[in-house]
Every structure is written in structure tokens, then in C-alpha cells.
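Contents: one structure, followed by commentary.
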Amino acid sequence: MRPRTLDEYVGQAHLLGPGKPLREEITSGRVSSMVLWGPPGTGKTTLARLIARYTDRAFVPFSAVTEGVPRVREIIAEAEDRLDGEGRGTILFADEIHRLNTAQQDAFLPHVEAGTITLVGATTENPSFEINGALLSRVRVFVLQPLTAADLELVIRTAIADRDRGLGAMGLKVDHDAIAFLAEEADGDARRALTVLDAAAKHVGDGGHITRDVAREALQLRVARYDKGREENYNMLSAYHKSLRGSDPQAALYWMARMLEGGEDPMTLFRRAIAMAAEDVGLADPEALKLAVAARDAYHMLGAPEGYLPLAEMTVYLATAPKSNSAKVALHAALDLARESPAEPVPLHIRNAPTKLMKELGYHQGYQYAHDVPEAYIPQEYLPERLRGRELYTPGSFGFEKEIAKRLAWWEDLRRRSEQKTQSDEASSE
């Protein structure tokens, strides 16, 4: 069922729709080297073959897994002969181009630049992470999207009706809800949809009836799409963190479950959640960090699947907790100030004085012990003189930080009254 023309090609209208630049380039026969980046079953290989057909170039596949630099040299030599003898170009198709090692990529580079070959790479991985900068700068990257359910229904119906390349000769009866089910469950992957359809057709035989239940049985187990350790891994971790920060427990639980189903180590989620508790909840709810650490410890004790319960509890708690990043802001402000003033001396009165010499030099002199007064607070300076009055931490307006704001205001009032009293005493003595 591989499309033989651009009109048969389903999906990627943002690239191949009427009037789109890539379609115009292909139909006019003028294309340059490119990388097609997208999930499985979205038509990367098909598009590469169509480019070769429309531009009248030889299509030469190259395996990054099984072929090395010697094969690159052979392909280049053949491409040069073809260009000189026939005036015909070569499409070198590198499937899984992200698996090319540095030597292979370097071997392609001068020939891509010279135009000896037109490199068309296909990858499911982010090219910016997997392809070296020199090669990446000489190709264009086109992003292919997962096929929509409507796209996949069209692919499935075409396969059911096509007598030459599809299942039309089998005389199948296929329920609409079975087609809709396959289109939805294929996760945007046409290859997956057709594979399951073929399995269902073989199960019922010629003239058979494919119901939703038959389609479900043919599908067997739908495995969550999750490329652990690669870009989608970080995308989902980001989605999980942002859902927690955005106070959406439904989304946070969904991304948590997606990662667990994809085989992610729960410790990865706990690490991200513990960081989030400090960064985004902070002092608005000091219990959040405690609960996150306790949930991690509980998982260590329980293991899976019981350990998923404290993970879910932690996820809901963090998502619904009041939010504040004041501690993070204060941290960065403190680091910036420390870098700006790396040599400010510690005020004498708050230095320790374990020796006689230190006492004679004024260390610890004038220090006032906070617990000597009922309020356990005596206004005195703790910052270096040049930095006095700098505010690094400002409490947020939610949760426990409202209490912190009250304390700071009370201490500021005590400080102000103390200064007024000192000024009054000095005036009276004069």
C-alpha cells in the first residue's frame, strides 16, 4: 500500500499540500539534501522514494547499522559514474540517520556539499541532538507529524477496497467502529494500522467479518510510545513538571502514567518532583518537600506496583499545593550578589572569638544574643556594611508564606521601634 504518487500520499499537508514549497520543489524536480524527522509510520521512507521518482534520480538506500564507510565510498563512486555517464542524480536514503557514526557523517559531508549525491535522511530522533553540526548545516529539516485518526481511516479504507495492492480481493466486511478503533489505536502510525488490519483479515479469512472485537484482538497489547532516554523522554518529563507547576493534577497523573507504562524508572519522576517541590511550591507549603522525599522512600520500601500509590499521592499533592518560586528567586539573587561582592568582610560583631587576640581585635564585640529577650529577636546587622538593606527574599502571597510575611513585618516593626528608641535616647542625652 505504499503510495506511488503525491496524490496517494496521506497526511503531512503542512509540507505537501497544494502550493506548499516542498511539494512544488518535488514536482519541479528541484530538491536539495534534507532530513525527514517524525514518528514511525508517518511516511518518511515513502516520501524519500517519491522524491527520487519525481526528480528522476536513482534511489540508493544506506543502512547506518549494517554498512560502513567503505560502502559510502562505493555509493559515491557509483553516483559519480551515474552523473557523468547518464546525467542522472542519486538520492542516497539514510534510514535511521541518527545512528550514523561520526566517520560515516564525515564521509557524506563533502559529497553532499559538492552535489554528487542528494542526501535524504529519515529519523525518529531530534536531529539537533544526533547529527553533527557540519552535516546539519548543509541539510534542511522537515518535521513530519503523526497521522490523524481521519488520515488513518482513509489509509485503512483504501487498503480494504484496493484489489491489486490491498485486501479488496478478500471480500471483507469491516464494521465502521472497527475502522475507527484501528485508526484511533494506531497512534498516528500508518504501518501499525495496516499491520493490525492485515492480522485481523487473516484471522477472519476471505469473506470474513471484522468487528471491533476482532480488531481489538488483532491489536493485542497497545504499547505506550515512549523513547526512554531520548527526546520524547525529556518532553514528557517537562510535561509532567509543567503540569505540577500549573496545578493540573489530571494532566500530571496522565504524564506520570504514560512514563510508567513506557518503562521509565520511577526514581526519575521522584527526582523531578522533589526538585519541583523546592522550586515551584517552596515555602508556600513546606510540607510538600517532606512529602515528596517520604514518597520516594516509601517506593523504595514497597517497590512496584504498590509503590506507585505514594507516587500518585505525591503527584496530586504537589499539583494542588499553593505555588511559590520565592526561594528560587532568592537563591539566584543571593548567588548574583555573592558574585558581585566576593570579598566583603564578615562584620566584627558576628565573628566568633575563641582566642584572646580575636577579642582584643573586636571580634564578637557588641553581639546581642536573641534569646535574651522575650521576642527572641534583637535588631542588629548581619550583612556586610556595604550590602546593608539588600533584600534577596520576598515572601509570596499564598499558603505558609503569608505567615512568613507576617513574621518579617513584625520583626521590621520591632527594628523600627528599636531605632526610634535609640534616636530618642540619643536626643535626650544631648
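Once all protein chains are placed together, residue 14 keeps about 90 Å² accessible to a 1.4 angstrom probe. Of 126, 233, 352, which has the largest mean-square fluctuation in a 10 Å C-alpha GNM of the chain? Evaluated over the chain, the most mobile residue of the options is 352. Cross-link partners of residue 202 among lysines, defined as those whose alpha carbon lies under 23 angstrom from its own and excluding same-chain residues fewer than eight positions apart: 173.
Value of Rg to Rh for region 311-373, rounded to two decimals, is 1.29; Kirkwood radius and Rg both from alpha-carbon coordinates.
Taken about its Cα centre, the chain carries a charge dipole of roughly 260 debye when the Cβ of each Lys and Arg holds +1 and the Cβ of each Asp and Glu holds -1. Distances between placed amide hydrogens fall under 5 Å for residue 35 paired with 121, 140, 141, 142, all partners being 5 or more residues away or on another chain. (i) 20.4; (ii) 28.4; (iii) 35.1: which one is mean projected area of the Cα convex hull in nm² as calculated from this entry? Of the listed options (i) 20.4; (ii) 28.4; (iii) 35.1, (iii) comes from this structure.
Dipole of the chain computed with +1 at Lys/Arg Cβ and -1 at Asp/Glu Cβ about the Cα centre; of 244, 380, 201, farthest Cα towards the positive end is 201.
Let me have the relative contact order for the chain, percent, based on Cα pairs under 8 Å that are six or more residues apart.
Relative contact order comes out at 11 percent.
By a 1.4 Å probe calculation restricted to protein chains, residue 256 has an accessible surface near 20 Å², given to the nearest 10. Taking a straight line from the alpha carbon of residue 20, these lysines sit under 20 Å away, with near neighbours fewer than eight places off in the same chain left out: 44.
Using a simple spin-label model with pseudo-atoms 7 Å out from Cα toward Cβ, residue 28 and residue 394 lie 5.5 nm apart.
Taking label positions 7 Å along the Cα-Cβ direction at both residue 403 and residue 14, the computed distance is 4.8 nm, reported to one decimal.
For the residues 80, 264, a 1.4 Å probe over the protein chains yields an accessible-area ranking, largest first, of 80, 264.
Taking 317, 234, 240 and ordering them by how much accessible surface each has at a 1.4 Å probe, largest first, produces 234, 317, 240.
In whole Å, what is the distance between the alpha-carbon centres of region 193-222 and region 65-120? Taking the Cα centre of each part, region 193-222 and region 65-120 sit 41 Å apart. Can you check what the net charge comes to around residue 214, using other residues whose Cβ is under 15 Å from the Cβ of residue 214 (Lys, Arg +1; Asp, Glu -1)? Within the 15 Å Cβ shell, the charges total -3.
Computed on region 302-430, with alpha-carbon pairs under 8 angstrom and 6+ residues apart, the relative contact order is 25 percent.
Among the trypsin sites (Lys or Arg not before Pro) found in region 1-82, those both in a DSSP coil and sparsely packed, with 16 or fewer other Cβ atoms within 10 Å of their Cβ, are 4, 30. In this structure residue 158 has an accessible area near 60 Å², from a 1.4 Å probe over the protein heavy atoms. Modelled label positions at residue 4 and residue 175, each set 7 Å beyond Cα in the direction of Cβ, lie 3.5 nm from each other. Find out how many positive minus negative residues lie around residue 95, taking Lys and Arg as positive, Asp and Glu as negative, among other residues whose Cβ is under 15 Å from that of residue 95. Taking every other residue near residue 95 into account, the sum is +2. Put 410, 255 in order of accessible area, highest first, and with a 1.4 Å probe you get 410, 255. Once you reduce region 273-320 and region 243-270 to the center of their Cα atoms, the two points are 12 Å from each other. Evaluated over region 287-403, the count of Lys pairs having alpha-carbon atoms less than 25 Å apart is 5 (only pairs 8 or more residues apart or interchain).
The values are calculated or read from the model by the stated rules, or taken from the named source; none is laboratory data. Just so it is clear, the model here is predicted, and its values are computed rather than measured. Here Cβ is always computed from backbone atoms with ideal geometry, including for glycine, and neighbour counts include all displayed protein chains. Accessible surface is based on the protein model in full, side chains and every heavy atom, while ligands, DNA and RNA are left aside. Shrake-Rupley method; radii C 1.70, N 1.55, O 1.52, S 1.80 Å.
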